[in-house]
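*Asks:* Please find one structure pasted underneath; my questions will follow.
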Amino acid sequence: MTLRWTVRPNAYHDSVKLMRVSEDLAALPGVERAAAVMATPLNLELLSDDGLLPPGLDAAPEDLVVAVRGPEEAVRAALEEIDRLLAPRQMSGEAVQAPVRTIEGAAARWDGNLAVIAVPGQFAAAEAYAALRSGLHVFLFSDNVSIEDEVELKALAIAGNKLMMGPDCGTAIINGVGLGFANRVRRGPVGIVGASGTGIQQVTCLLDAAGIGTAQAIGTGGRDLSTAVGGSMTSQGLQILADAPGVEIIAVISKPADEESSADLRRQMEALNRPIVACLLGETYADSGKVRYARTLTNLAEIVVEELGTDEFPWREREIAPDRERDGKKVVGLYAGGTLRSEAGQILDGMKRPHELVDLGADEYTRGRAHPIIDPRLRTGMIEGLQGRNDVGALLVDIILGDLAHPDPAGALLPAIDGLGIPVVAVLVGAEGDLQGLERQRSLLEGAGVSVFMSNSYAARAAGALA
Amino acid sequence: MRLPDPVRPIVAGPEDFALALEAQEVAAPRVEWQPPPEEVSRAMAALLRDDERYRTMQEVNAEAMGRITGAKSLLVDLRVARDVVPGLEGKMLLHAGPPLAWKTASGPMRGALAGALLFEGWARSAEEAESMLAAGSIQLSPCHEHNTVGPMAGVISPAMPVFVVENQTGGNRAYSNLNEGLGKVLRYGANDAGVIARLRWLAQEVAPLLGAAIRRSGGIDLTGLIAQALHMGDELHNRNKAATALFARAIAPFLVEGEGRNSNTLAALFRYLAETDVFFLNLSMAASKAALDAGHGLDGSTVVTAIARNGTEIGIRVSGTGNRWFTAPAPAIEGLYFPGYGPQDANPDLGDSAITETGGLGAFALAAAPAITQFIGGTPELGGKITEEMYAITLAEHPVYSIPALDYRGTPVGIDLMRVAQSRVAPMLDTGIAHREPGIGQIGAGIVRVPIEPFDAALLQLADLSLHLVTDAHPDH
């Protein structure tokens, strides 16, 4: 048994990439244990815990350390694979030109007009400012950006007539291009502005199933309607959609908003004098002028269908009536989408059903991990943890498709629910055009006995009934 | 506000984001992004966030670059240092690099400082010289703080002759010493009788003749010579052969026309020029210094105006931070060693000659000097690669200095603290390697990456300073 290692000075790779490389190395024949990490003190401690810390290692946090343990031959062979494993998976891009290391440089080299920024939060503001100063629109996926910076970034963007989608923006669809977690929905007359990524995904997919396309989906980031930020991007988004050709109806999707921002938003929507359907989750308002309010995301889709007169409601799948005689046990919900989780909570509260709903995309779960929409293993681990419990009546999950999502989320779920012994309900958020294959994902789930709904509201009600 | 159409994304983040776009048949080039230290990220955000600070920075940088690239360096004289170098008074020695303490000085620097005392007659032996220096009786000051530059140890004392270079555009002047040639020389720490004798010969025989010729000529256009030499295989730091030849050709008639000339002395002088390929280095350095000094001292400017090493530390100066030095331990050089020598013999990097890179020459023009890349252990392709990398951290392409192999593209000039901080790429130098023992001389040559820490420190200082600039101007801000 030997331990071999290599240090690559100043070779930065993001933590998601390095996790994959570590797994790939460990999976090589004969390898007992392997890790590829940036040599931060924390990571070196983790190496040490795993028996992988090279003795007398001289490395700085900017250096990459790759350590492999196993029989001599296996370990040598593994180390030779490192370059291949570290190489980018991208197909396109020039072969051998000097790498571009800044957003400004990349924008100039490739004539870019929009920066997709997903670097760790403590660095994200500087990158976003740089992108705006270089004249780019910004899709800022990163969270943990200060609220002061969010306010300044949005002000700077608006002054320069640029989009500042985020921070903490999971989804957008701009002129047919899906950014972040987005689905291959058809194009059509609905313009969306939303503070919720999975909220946008649910609505665009429901409408797509009803034959209604999306013109644009402008993400604002989760905190846009806080008092400090004051809904500045939501406001801009509304204006853009009001002026955009081809947009016949506007949908506004928001997480629970601060009172002042909510009131401002409602005033603006009413003043626009355009058909608008708004779902301000957690709040109910009376329809006013051309603005109609929806209680849930599904309700929003229903109102859009009504307004456009197409009369197709494909999500009205079977309803499962709750058995009022039984004392319901708890519904456990393990959600990758935070807004879907909130909506489920709203519905189960309305049914007076006890629940334990987790948002796996929240900070505490995503530190040092890929987002659960990309990597299902945290959830499958937690599902396995339910095996011993006797207080759980039903399991509720969201299966989310799209270009950035896991290639087979239904397939990844099945082993975990095998033999679980409680009803499993899933909301399947996807479009026919998605790479995972919407129908195939549904068949896999139904074949394993999962109750599948395309509407999160229906799924939550079903789980509450079955628990 | 118009939505981008078509969307042409650039990705800074994990490759999944780029792959998700490529799956949609949208090209999504990815930035090779590396995290800076957190406080550097905050400093960058501070300088980019506020409109006034950002605009000020853009404006003063443009002003600085205009002055630097618009400089026209003319060699106007050769005079005794004490008569022309500002602030050189009493028992003072100038040296290369940032401020230096005798007790931490490396072998070659110590040898050179001691040798200068002998040359001046302030000490009668090397031992006495070293005692005086150790006792602190001699004031030591960086050449850079006196508009002066010296290669290797760069020790310049009051009685030494110095070139006087005048920037015709900005009016400012810069100075450098006469190159002693190769072998056992003061700048590598040698200080025996032969070295002192040669220094005296340069001061008493060469300088008066050469100075007179320079004055008679009305001035030699160094900027023009450098531009030509770049098209002849020089990069003006480690390779100056063509520039030296061009200079010798330019000054020759004025040397010969002098009064009271002695053909033996003239012949010795021409022989000196013919044998000293490295002669022009001091002029290339002074020309760069004159250009960069013209752009120094502009509040809020992130342009680097000097990089220099004293054999112990490497230091940088920035236009917007005035007289401050930002330093780090001098790095080891990666290169080729002459037979019989190796890394264990090497002194840490030494000299003011990095002023050439700072001015868009040297390693920044390596693509113009294929012969040098061989010498420093690389291939001609390496030269191109290094030059390309430097374009990403500079603000301009030089309007006068161009590289034939890159289709006559202007050399990268104007190292920008912001671009260094964002890209995490520090400048590259090509340099000679000195033996750590004084007096042995050059033992190799190679390339060295300047440590990034001084650039980070300078940016933090500048972000702090510019905040006060803006708030002082607007008390209600």
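*Asks:* Label A:GLU23 and A:ILE158 with points 7 Å out from Cα along Cα→Cβ: what is the distance between them in nm?
*Replies:* Distance between label points: 4.2 nm.
*Asks:* What's the ranking of A:295-308, B:141-154 by average number of surrounding C-beta atoms within 10 Å, highest first?
*Replies:* The peptides rank, most packed first, as B:141-154, A:295-308.
*Asks:* Further, regarding this structure: May I ask you to derive the FRET efficiency for A:ARG84 and B:LEU266 from their Cβ-Cβ distance with R0 = 56 Å, giving the value to the nearest 0.05?
*Replies:* 0.25
*Asks:* Computed FRET efficiency, Cβ-Cβ of B:ASP192 and B:ARG449, R0 25 Å: what is it to the nearest 0.05?
*Replies:* 0.10
*Asks:* For the residue pair B:MET232 and B:TYR408, what label-to-label distance in nm results when each label sits 7 Å from Cα along the Cα-to-beta-carbon direction?
*Replies:* 1.9
*Asks:* Right, something else. Treating chain B as a set of equal point scatterers at the Cα positions, no solvent, please give the Debye-formula log₁₀ I(q)/I(0) at q = 0.05, 0.08 Å⁻¹.
*Replies:* -0.19, -0.48
*Asks:* Still on this structure, I have one more. Using r as the Cβ-Cβ distance of B:GLU89 and A:LEU42, and R0 as 60 Å, what FRET efficiency do you calculate, to the nearest 0.05?
*Replies:* 0.65
*Asks:* Eight or more residues apart or on different chains, and alpha-carbon atoms under 23 Å: count the Lys pairs in chain A matching that.
*Replies:* 6
*Asks:* Next up: Round to a whole angstrom and tell me the spacing of the C-alpha centers of region B:27-43 and region A:379-449.
*Replies:* 36
*Asks:* Quick one: Debye curve from the C-alpha atoms of region A:291-388, no solvent, what's log10 I(q)/I(0) at q = 0.10, 0.19, 0.20 Å⁻¹?
*Replies:* Results for region A:291-388 at q = 0.10, 0.19, 0.20 Å⁻¹ read -0.41, -1.07, -1.11.
*Asks:* Also, quick follow-up: Using only atoms on other chains, find how many Cβ atoms lie within 10 Å of each Cβ of peptide A:399-410 and report the average.
*Replies:* 2
*Asks:* At 222 nm, what value in deg cm²/dmol follows for the protein assembly as shown if DSSP H runs of at least 4 each add -39500 (n - 2.57) and the sum is divided by all its residues, to the nearest 500?
*Replies:* -11500 deg cm²/dmol
*Asks:* Now for a separate question. Just the number, please: Stokes-Einstein D of region A:1-128 in µm²/s, Kirkwood Rh from C-alpha pairs, 10 °C, 1.306 mPa s.
*Replies:* 97
*Asks:* Please state the equivalent ellipsoid semi-axes for region B:127-197: what are the square roots of 5 times the Cα gyration tensor eigenvalues, largest first, in whole Å?
*Replies:* 26, 17, 9
*Asks:* For region A:152-299, what's the radius of gyration and Dmax over Cα atoms, in angstrom?
*Replies:* Cα-based Rg and Dmax for region A:152-299 come out at 13.7, 39 Å.
*Asks:* Which one of A:ALA39, A:SER15, B:GLY384 is farthest out on the positive end of the charge dipole of the protein assembly as shown, using unit charges on Cβ (Lys, Arg +1; Asp, Glu -1) and the Cα centre as origin?
*Replies:* B:GLY384
*Asks:* Here is a follow-up. What list of ³J(HN,Hα) values in whole Hz, one per residue of region A:164-181 in order, does the Karplus curve 6.51 cos²θ - 1.76 cosθ + 1.60 (θ = phi - 60°) give from phi, with Gly and Pro shown as x?
*Replies:* My calculation for region A:164-181 gives 10, 8, x, x, 6, 9, x, 9, 7, 9, 10, 6, x, 9, x, 10, x, 7 Hz in order.
*Asks:* I'd like to know which of B:TYR408, B:HIS231, B:GLY90 lies farthest towards the positive end of the charge dipole of chain B, counting +1 on Cβ of Lys and Arg and -1 on Cβ of Asp and Glu.
*Replies:* The listed residue farthest towards the positive side: B:GLY90.
*Asks:* Further question: Place a label point 7 angstrom from the Cα of B:ALA134 along the Cα-to-Cβ direction, then list the residues of region B:102-120 whose backbone nitrogen is under 15 Å away.
*Replies:* Only B:102-107, B:110-111, B:114 pass the distance filter.
*Asks:* Name the lysines eligible as straight-distance cross-link partners of B:LYS72: C-alpha to C-alpha under 23 Å, and not fewer than 8 places from it in the same chain.
*Replies:* Excluding near neighbours in sequence, the set is B:LYS241, B:LYS289.
*Asks:* Follow-up. For the protein assembly as shown, with only Lys/Arg (+1) and Asp/Glu (-1) charged at the beta-carbon, what is the dipole magnitude about the Cα centre, in debye rounded to 20?
*Replies:* For this selection, approximately 1680 debye.
*Asks:* What spacing in nm lies between the two simple spin-label points modelled at A:ALA286 and B:GLU39, each 7 Å away from Cα in the Cβ direction?
*Replies:* 5.9
*Asks:* Follow-up question, since we're still on this one. Report the charge-dipole magnitude of chain B in Debye, nearest 20, computed about the Cα centre from +1 at each Lys and Arg Cβ and -1 at each Asp and Glu Cβ.
*Replies:* 1360
*Asks:* Another question, then. Would you mind pulling out the separation of the Cα centroids of region A:18-72 and region B:377-395, in Å?
*Replies:* 33
*Asks:* Mind putting a number on the dipole of chain A about its Cα centre? Charges go on the C-beta only, +1 for Lys and Arg and -1 for Asp and Glu, and I need it in Debye to the nearest 20.
*Replies:* I would put it at about 460 debye.
*Asks:* What number results when the radius of gyration of the protein assembly as shown, computed over Cα atoms, is divided by 2.2 N^0.38 Å?
*Replies:* My calculation over the Cα atoms of the protein assembly as shown gives 1.16.
*Asks:* Something else about it: Report, for the protein assembly as shown, the % of DSSP beta bridges that are antiparallel, rounded to 5.
*Replies:* Bridges in the protein assembly as shown are about 55 percent antiparallel.
*Asks:* With θ set to phi - 60° and the Karplus curve 6.51 cos²θ - 1.76 cosθ + 1.60, what are the ³J(HN,Hα) couplings of region B:103-109 in order, to the nearest whole Hz, using x for Gly and Pro?
*Replies:* Working through the residues one at a time gives 5, 9, 6, 7, x, x, 5 Hz.
*Asks:* Over all residues in B:33-43, what is the mean tally of Cβ atoms on other chains that come within 10 Å of each residue's Cβ?
*Replies:* Mean number of neighbouring Cβ atoms from other chains: 5.
*Asks:* So, one more: Among A:TYR458, B:MET132, B:SER423, whose Cα projects farthest towards the positive end of the dipole of the protein assembly as shown, with charges put on the beta-carbon of Lys, Arg (+1) and Asp, Glu (-1)?
*Replies:* Selected residue: B:MET132.
No lab work stands behind these numbers, since they all come straight from the coordinates. Everything numeric in this text was worked out from a predicted model, so none of it was measured. Virtual Cβ from ideal backbone geometry, glycine too; neighbours counted across all protein chains shown.
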